[in-house]
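Right, one structure below, let's go through it.
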Amino acid sequence: MKPSQEAITLDIDSAVTKRLASIEDFVAEKQWDTVATLLRQTQAEKPDKLVAIAPGWYVSVARFCQCQAALLPTPGLAAYRRQMDATAKKWFDDAERISVADPSRQRVAWLRIVRQWFASSSSDEAIARLAEQSFEQADYATARTYWELLLPAVGSLRSAAGMGLLRHPDASCDAAQIRAQLILCSLFEKRVARARQELAAFRKLHGNATGRVAGRDGSLADLLSSLLDGRPVDDSPAISALSLDRRLWSVELPSNSVSDIGDVAPIVVGETLFTTNGESVFAFDATTGRPKWSEPTDAAADIREAIIHSLADPIAPKLPVEGRIRHSLSVRGDRLFVRLGTSITARAKQETNSHSELVGLEIGTGEGKLVWRVAAEEIDPQDPLSAESPWCFEGSPAVDSQRVFVVLRRSLPQEQINVACFDADTARLLWNRKIGITVASTEETVNSTSHLQLTVAEDSIFVSTDAGTIAALDAHDGAIRWMRTYASDVLLSSRSGRRDGHAPPVYHDGVLYVAPLDTNRLLAIHAESGLLCWQREWPDPIQHVLGVAHNTLVVQGRSLWGVALASGEPAWPNRRVGNEDTEGTSFGRGALIGGSVLWPNRDELIVVDASSGQITRRIAVRESRELTGGSLTVFGTSLVMSRGAQLTVLGLDR
């Protein structure tokens, strides 16, 4: 697919593409030293450029070169390693000398080897170290991804070998021991059914293998079997007896001075509920609704006492803002991160009043104390475009243990979309990576708002741009891993064509499920490689991807749907919930709870069995509690229903 056909322009270099194509001729002629030199030089010179490996599928030049090197026959691989093994070995030895007390430095050192010299003789050991460290840190999905790099591709992934899929050419690790570790990953993720399936396959492949599991030596199959014995099945049962036993408290957030409040998505941490209206951050006791960290009193509390941080100098945009305004927050440990400011993400050409900032607040002992603040317009002040086209932050940031990731957008003649990464403790900018520039033009006199959110998994950052492109970036340096493009309904305008909704990518078992808002397609993408597993045109425009329960992807549009993970086909016998009742349509975002889905409509909360799509209970909320739908957040034995500025917390009786 040519770049001109895409809804977003990508960073493709035709000269690099031609050079990579020429390598195939040298491979055919078995000129292995030349092949090795060309692969190494091309990767070093333009690692971040993109190369198309199939229609709509792009990978970075660095990744493509690594894939090609890993596929070389024995003489070619030997020639390749003669040129880089010494450096890779030195890097690995240096990494081994780093103190175990500094795991972050160790990880960076191992990743350097894997990212630059994947086909070297030392990278399999570096990959194993990354897997082991991820496992020890309870990041089992990432551990699985790294261990799988040491095994041959299986099933449909074989078609991606040499394209976007990385597999080490001759790992020295014991394959039986690696597969045993994968079963342990399933076990620690409480995926007992999957672990049992993996053990059955393991017995056929490695029935007589011995090794060490969970501190014990012996037959690997027997050791794993003993760990699984007596474990209950992992699937949470559907809830049939759920009811709302009481209204705990409710509050109406004050309007801000810069825009309509829009939709809010609160978050609950321990006994505290946090939310924002885009101008202030509020903290409430999750049980009583009283302002958190305020003096106890018998008098009714002033909601302003719940404010723990506010914008210093809010400004209002001069021109109208189109689109659904949304506010959300992110938490990691004792830190809360939030975007504040005007709701503008795509600034009209004639707009001069816009501002957005990220703040980090200490919510442990700091009781909401400001730790750091970053204004979007201050990013990269040396950029000649920064004065005329300042950046806007978009959506709540994604976080891991050390970093904060966020979408940046600015209006040129078209819109440019970036992803930036900041140090979580200091707010230092670590990297800022361009995803692309949209074909859609910026409006003259109308601003627009959107709410892209990132997904973090497998040491990667995933973003669905709602502009014809889905991308995966390396979490450590922002390098593009892969991009997928699709036909977008948004071609000429930055506003028209996108449906209402909020559907960041959902990661599950190594697959990314994406429902972009500029198309009616639902896509499943192998997260590590970018291989398209399946895509489906969906008859009901999807607004929310709620998650996975009972091996069923639950998506919500006007109706509620269950989707088969393997095929993308409707999974429920009646296809969907809601089509039998024209009044029973979605009225807010639903929520998964155990093996059930709580689905809000105007009059009721409907409880649906995620495995079958059968309605197990209808809970009247309009008649009995004077509530009219709303987006749902479940925590403990309580349910938050939010609609506009109104938050209502209800008790759940299961």
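Rounded to the nearest 10 degrees, the inclination of helix 74-96 to the longest alpha-carbon principal axis of the chain is 60 degrees. Extending 7 Å from the Cα toward the beta-carbon at both Arg203 and Asp94 defines two label points whose distance is 4.9 nm. Put simply, when 262-270, 169-177, 286-294 are sorted by average Cβ atoms within 10 angstrom per residue, most first, you get 262-270, 286-294, 169-177. For the pair Ala101 and Thr616, a Förster radius of 41 Å applied to the C-beta separation gives a FRET efficiency near 0.20, rounded to the nearest 0.05.
Per-residue extension of 0.36 nm, minus the Cα-Cα distance of Ala15 and Arg246, leaves a gain of 76.5 nm for this segment. Excluding residues fewer than 8 places away in the same chain, name every one of the lysines whose C-alpha is closer than 30 Å to that of Lys90. Excluding near neighbours in sequence, the set is Lys30, Lys46, Lys49. Note: relative contact order over the range 503-654, using C-alpha pairs below 8 Å and six or more positions apart, is 13 percent.
Principal-axis analysis of the Cα atoms of the chain puts helix 123-136 at an angle of about 30° to the longest axis.
In terms of the mean number of neighbouring beta-carbon atoms within 10 Å, the peptides 603-613, 37-47 order highest first as 603-613, 37-47. Under the simplified labelling scheme, the Lys190-Thr74 pair shows an inter-label distance of 4.9 nm, with each label point 7 Å from Cα along Cα→Cβ.
Dividing the summed -39500 (n - 2.57) terms of all DSSP H runs of n ≥ 4 by the residue count of the chain sets its mean residue ellipticity at 222 nm at -7000 deg cm²/dmol.
Computed from Cα atoms, the angle from the helix 14-28 axis to the main principal axis of the chain rounds to 40 degrees. At R0 = 45 Å, how high is the FRET efficiency between Asp217 and His508 if r is their beta carbon distance? Nearest 0.05 is fine. Using R0 = 45 Å, I get an efficiency of 0.85. Here the contact order of the range 3-228, divided by its residue count and restricted to Cα pairs under 8 Å and six or more residues apart, works out to 13 percent. Using only Cα atoms, locate the centre of the range 379-419 and the centre of the range 57-106, then give the distance between them in Å, rounded to an integer. Spelled out, the Cα-based centre of one part sits 32 Å from the other. Once Rg and the Kirkwood radius are both taken over the C-alpha atoms of the range 3-228, their ratio Rg/Rh works out to 1.01.
Values [x] 79, 64, 51; [y] 136, 60, 47; [z] 130, 58, 56 are given for comparison; Cα extents along the principal axes in Å, derived from the coordinates here, is the one labelled [x].
The relative contact order of the chain comes to 11 percent, based on Cα pairs under 8 Å that sit 6 or more residues apart.
Once the C-beta distance of Trp293 and Ser22 is scaled by a Förster radius of 56 Å, the resulting FRET efficiency is 0.30 to the nearest 0.05. Taking label positions 7 Å along the Cα-Cβ direction at both Arg373 and Leu228, the computed distance is 5.6 nm, reported to one decimal.
Computed from the coordinates by the stated procedures, all read-outs in this text should not be read as laboratory data. Because the structure is predicted, anything quoted here is derived from the model rather than measured. Note that we place each Cβ from the backbone using ideal geometry, even for glycine, and neighbour counts take in every protein chain shown.
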